[in-house]
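Structure first, commentary second.
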Amino acid sequence: MTETLLLQLVVMVAAVQLCGLAGQRLGLQRVIGEIVAGLLLGPSFLGRLAPALEHWLFPSSSLPMLQTLGDLGLIVYLFALGAQLDVELAWRQSGRVLLVSLVSMLLPFGGGAVLAWPFWPTLAGPQARLPTFALLLGTALAITAFPVLARLLSERGLQRTPLGMVALLCAAVDDVLAWCLLALTLALTRVSSSLLTVALTVGLTLLFTLAALFLLRPALAWLEQRREASSFLTPLTLLLLLLGAYFTGAIGVHPLFGAFVMGLCLPRKPAFLGAPLALQEINSLLLLPLYFVASGLRTRLDLLTEGRLWLLMGLWLLVACAGKLLGGSLAARWTRLASSWREALALGALLNARGLVELIILNVGLEAGLLSPQLFTMGVLMALTTTIMACWLLPLTGLTRQEETEAGTLLAVGQGSALDERHDFPEHGS
C-alpha cells in the first residue's frame, strides 16, 4: 500500500503542476488547471481511455486513504485561510459592504432553494430531505470563493484598489455565512432523531464559534505578549487546529468548520501566523492536490447522458450566474460602493467566481448523502464555468492595474499557493 500511495502522489503532483501551468498559459488561474487535472485522472477521461491503467493507478482499496489525506490537506488549507482574513478590517467597514454581501448571497441562495423542487425527485441523495436538500443547493449557489477571488485580484494588481477591497470583504463575509449554513445543513442531516438533538448540535456550534472569537482570541493575544510563552506558541497553534477540527466533527458538523474558526481566532502576529505559513508551503504542493484528484475521481461525466440532465445543468448555471451578477451589481450601485455600472458589473463578475469552496460544499454534500453522483458532477462543471467566467469577464470591464491605496488589505491567498512569498505580517492583519 505504501508503494502504491507513493506512485499515486508522483502522478497526481505532476499532473496538477502541469495542468496548472497550462491553465496560466490560457489566461486562467492555476486552480482551474488543478481541478482539470483531477478530472483527467478520474473515470471521466483516464477511465474511459485506459480503464486498466486507471484501476491499476487508483485501486478501490486506496481511495479511502487518498480521501483522508485530501481532507487533511483541506483542513490545513481552511485553517490557513481563516488565519489570513483581516477580522478587524472587516469589523470596521460600513454597513454597505455587509448589505452588498447579503444581497449577493440572498438572490442565488433563494434561486438554489427554488431549484430544489425540480431537482428533488431524481437528483437528491439517499439521505436528503427536501429542507436539507434546499439548504445545500442554496448554499452551493450563494458562496463566493474567497481564495480564488484573492488570487485573481492579486494577479491583476487590483487587490488594493477600492473595488478590489470591496470584493474581498464581500467574499469573506459570504464564505463565513456559507460555512454557517453548511454547518446547519449537516446538523439537520446527521442528527434527524429529534429536534432537541438538532438544537443541541446547532447550539454547540454557535457556542464554539463565539468562545473561539471572543474568549480564545483575546487570551491568545495576551499570551503572545509574554516572553516566556514564545517557545510553545507554534505547537499551541497546531494543537488548536486539531482540537477545533475534532470538536466540530464530533458534534456532527464537518471538521473543516472547526479548522476555519480556529484560524479566524488567531492573533495576526508572526508568532501565530508562522505555523499556517509553514504548513501551507508543503500542503499546497502535496496534500491539497489530493483533494482535487479525489473530486475528479468522483466526477462521472458519463452519467450525464440524458438531454434533460444537461438542460437542468444549464438552468442551475443560469440561476447561479444571474443571482450573483444581479445581486452584486445592483447592491453595489444602490449603496454607491461602485461609482459606475461598469464597476458594479465587475464586482458582480468577481463575486460569481467559485472554485475550491464550491468543491468543498459539493464533496461534503456527496459524503453526507445529500447529492446524487449526477448532481455532484453538474456542480463541478458549474464551479469550473463560473471561475473561468470571472477570469475572462474581468478584462472586459476595462479595469486596469491601479496604485495601491493606504488602506489595510486582506492577504491574497492563492489556490494552492504559498500564503505570502514576502512573509510579512502587518500589525492589523495580513
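The values are calculated or read from the model by the stated rules, or taken from the named source; none is laboratory data. Please read these numbers as outputs of a predicted model, since none were measured by experiment. Please note: Cβ atoms are built from the backbone with ideal geometry, for glycine as well, and neighbour counts cover all protein chains shown.
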Point to revise | Members of the range 383-404 that are over 13 Å from residue 346 (Cβ atoms) and at pLDDT below 80 | key: 401, 403, 404
Practice item. Kindly check whether there is at least one residue in the range 144-153 that is modelled with pLDDT under 80, part of a helix (DSSP H, G or I) and among the β-branched types (Val, Ile, Thr). Key: yes
Practice item. Please tell me if residue 329 is without any contact (Cβ under 8 Å) to a residue 60 or more places away in the chain, surrounded by fewer than 22 Cβ atoms within 10 Å (Cβ to Cβ) and either in contact with a Lys or Arg (Cβ under 8 Å, 6 or more places away or on another chain) or farther than 16 Å from residue 381 by Cα (or both). Key: no
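Conditions (1) surrounded by fewer than 19 Cβ atoms within 10 Å (Cβ to Cβ); (2) at pLDDT below 85; (3) polar (S, T, N, Q), marked per residue:
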{"residue": "336", "(1), (2), (3)": "yes, yes, no"}
{"residue": "340", "(1), (2), (3)": "yes, yes, yes"}
{"residue": "343", "(1), (2), (3)": "no, yes, no"}
{"residue": "346", "(1), (2), (3)": "no, yes, no"}
{"residue": "362", "(1), (2), (3)": "no, no, no"}
{"residue": "376", "(1), (2), (3)": "no, no, no"}
Practice item. Only residues that are closer than 20 Å to residue 169 by Cβ and either within 19 Å of the chain's Cα centre (by Cα) or not small (Gly, Ala, Ser) (or both): list them for the range 313-327, please. Key: 323, 324, 325, 326
Check your understanding: Out of the residues in the range 57-67 that are assigned to a helix (DSSP H, G or I) and touching a helix residue (DSSP H, G or I) at 6+ places or on another chain (Cβ under 9 Å), which is farthest from residue 249 (Cα to Cα)?
Key -> 57
**Study point:** Those residues of the range 16-41 which are part of a helix (DSSP H, G or I), aliphatic (A, V, I, L, M) and in contact (Cβ under 8 Å) with a residue 40 or more places away in the chain, in sequence order
**Key:** 16, 31, 32, 35, 36, 37, 39, 40, 41
**Study point:** Selected residue (criterion: modelled with the lowest pLDDT) from residues of the range 71-107 that are acidic (Asp, Glu) and in a helix (DSSP H, G or I)
**Key:** 88
Check your understanding: Restricting attention to the range 52-70, does a residue exist that is surrounded by 21 or more Cβ atoms within 10 Å (Cβ to Cβ) and at pLDDT below 85?
Key -> yes
Practice item. Taking residue 44 as the residue in question, decide whether it is of a type outside the set (A, V, I, L, M, F, W, C), in a helix (DSSP H, G or I) and in contact with a Ser or Thr (Cβ under 8 Å, 6 or more places away or on another chain). Key: no
Review point. What residue, among those in the range 158-204 that are of a type in the set (Ser, Thr, Tyr) and at pLDDT 75 or above, is farthest from residue 79 (Cα to Cα)?
Key: 189
**Study point:** Filter pass, residue 220 being modelled with pLDDT of 80 or more and either in contact with a helix residue (DSSP H, G or I) (Cβ under 8 Å, 6 or more places away or on another chain) or not in a helix (DSSP H, G or I) (or both)
**Key:** yes
Exercise for review: Taking the residues in the range 229-275 that are surrounded by fewer than 20 Cβ atoms within 10 Å (Cβ to Cβ) and of a type in the set (Phe, Trp, Tyr) as candidates, determine which candidate is farthest from residue 82 (Cα to Cα).
Suggested key: 232
Practice item. Kindly check whether there is at least one residue in the range 122-135 that is under 19 Å from residue 332 (Cβ atoms) and either part of a loop (DSSP other than H, G, I, E, B) or modelled with pLDDT under 70 (or both). Key: no
Review point. Given the structure, is residue 31 within 20 Å of the chain's Cα centre (by Cα), surrounded by fewer than 20 Cβ atoms within 10 Å (Cβ to Cβ), at pLDDT below 80 and within 28 Å of residue 278 (Cβ to Cβ)?
Key: no
Practice item. Only residues in the range 260-278 that are farther than 21 Å from residue 206 by Cα count as the first member; pair them with residues that are of a type outside the set (D, E, K, R) and at pLDDT 85 or above, Cβ under 7 angstrom, at least 6 apart or cross-chain, and list the lot. Key: 272/220; 272/237; 272/266; 273/266; 275/237; 275/238; 276/79; 276/263
